[in-house]
Amino acid sequence: QVRLVESGGGLVQPGGSLRLSCAASGVIFSIGIMGWYRQAPGKQRELVSFISSGGRANYADSVQGRFTISRDNAKNTVYLQMNSLKAEDTAVYYCNVVRAETGSEYWGQGTQVTVSS
């Protein structure tokens, strides 16, 4: 059974940094895209960033230049380095993994990020 475990969330002041991690266990298939989504209170879940198996990264306009996504294929782990955090980055962040062969998606349980002074 595939399990995604996120870590690294927390409370940070505006302008601060956090690094999220998501480790996938129980994986017996090739992982394609790995990514991060977020959902703020009262809003729909939105894509933050994703990275291909080859390392090509894409970002939402709102985080471009501030966030950096990376992955360690040997560890089935994806990271999100978040710098220059703003209050509007406050949300629950979810890890997403896509199976390469079938496109099946797997989700983590979410980790809270709160940016506040």
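Of the numbered criteria (1) small (Gly, Ala, Ser); (2) more than 24 Å from Ser25 (Cα to Cα); (3) at pLDDT below 95, the one Ala74 fails is (2). Among the residues of the stretch 18-36, those that are open to solvent by 60 Å² or more (accessible area, probe 1.4 Å) and within 17 Å of the chain's Cα centre (by Cα) comprise Arg19, Ile33.
Return the residues of the stretch 53-89 that are in a loop (DSSP other than H, G, I, E, B) and crowded, with 18+ Cβ neighbours inside 10 Å; say none if nothing qualifies. Break it down stepwise before answering.
Of the residues in the stretch 53-89, the ones in a loop (DSSP other than H, G, I, E, B) are 53-56, 60-66, 76, 83-86.
Passing the criteria: Val63, Asn76, Leu85.
Residues in the stretch 90-106 that are among the polar types (S, T, N, Q) and over 13 Å from the mean Cα position of the chain (by Cα) were compared, and the one that is surrounded by the most Cβ atoms within 10 Å (Cβ to Cβ) is Thr90.
Among the residues of the stretch 37-52, not one is of a type in the set (Gly, Ala, Ser), over 13 Å from Tyr93 (Cα atoms) and assigned to a strand (DSSP E or B).
Can you spot a residue in the stretch 3-15 that is surrounded by fewer than 16 Cβ atoms within 10 Å (Cβ to Cβ), among the charged types (D, E, K, R) and at pLDDT below 95? Steps first, please.
Quick first cut of the stretch 3-15, residues surrounded by fewer than 16 Cβ atoms within 10 Å (Cβ to Cβ) only: 3, 5, 7, 10-11, 13-15.
If we keep only those that are among the charged types (D, E, K, R) as well, we get 3.
Remaining after also requiring at pLDDT below 95: 3.
Scanning the stretch 3-15 turns up at least one residue that is surrounded by fewer than 16 Cβ atoms within 10 Å (Cβ to Cβ), among the charged types (D, E, K, R) and at pLDDT below 95.
Out of the residues in the stretch 37-51 that are under 14 Å from Ser70 (Cβ atoms) and in contact (Cβ under 8 Å) with a residue 40 or more places away in the chain, which is least open to solvent (accessible area, probe 1.4 Å)?
First pass over the stretch 37-51, keeping only residues under 14 Å from Ser70 (Cβ atoms): 48-51.
With in contact (Cβ under 8 Å) with a residue 40 or more places away in the chain added as a condition, the list becomes 48, 50.
Details: Val48: 2, Phe50: 60 Å².
It comes out as Val48.
Across the stretch 90-101, the number of residues qualifying as out of contact with any Lys or Arg (no Cβ under 9 Å at 6 or more places or on another chain) and assigned to a strand (DSSP E or B) comes to 5.
With respect to Ala23, determine if the residue is over 21 Å from Thr114 (Cβ atoms) and not polar (S, T, N, Q). Yes, satisfied. Annotation: Ile33 fulfils all but one of (1) within 21 Å of Ser84 (Cβ to Cβ); (2) touching a residue at least 24 places away in the same chain (Cβ under 8 Å); the unmet one is (1).
The values are calculated or read from the model by the stated rules, or taken from the named source; none is laboratory data. Since the structure is predicted, the reported quantities are computational estimates derived from the model, not experimental observations. Quick reminder, even Gly has a Cβ in these numbers, built from the backbone with ideal geometry, and neighbours come from all protein chains shown. Ligands, DNA and RNA are excluded from the accessible area calculation, which covers all protein heavy atoms including side chains. Shrake-Rupley method; radii C 1.70, N 1.55, O 1.52, S 1.80 Å.
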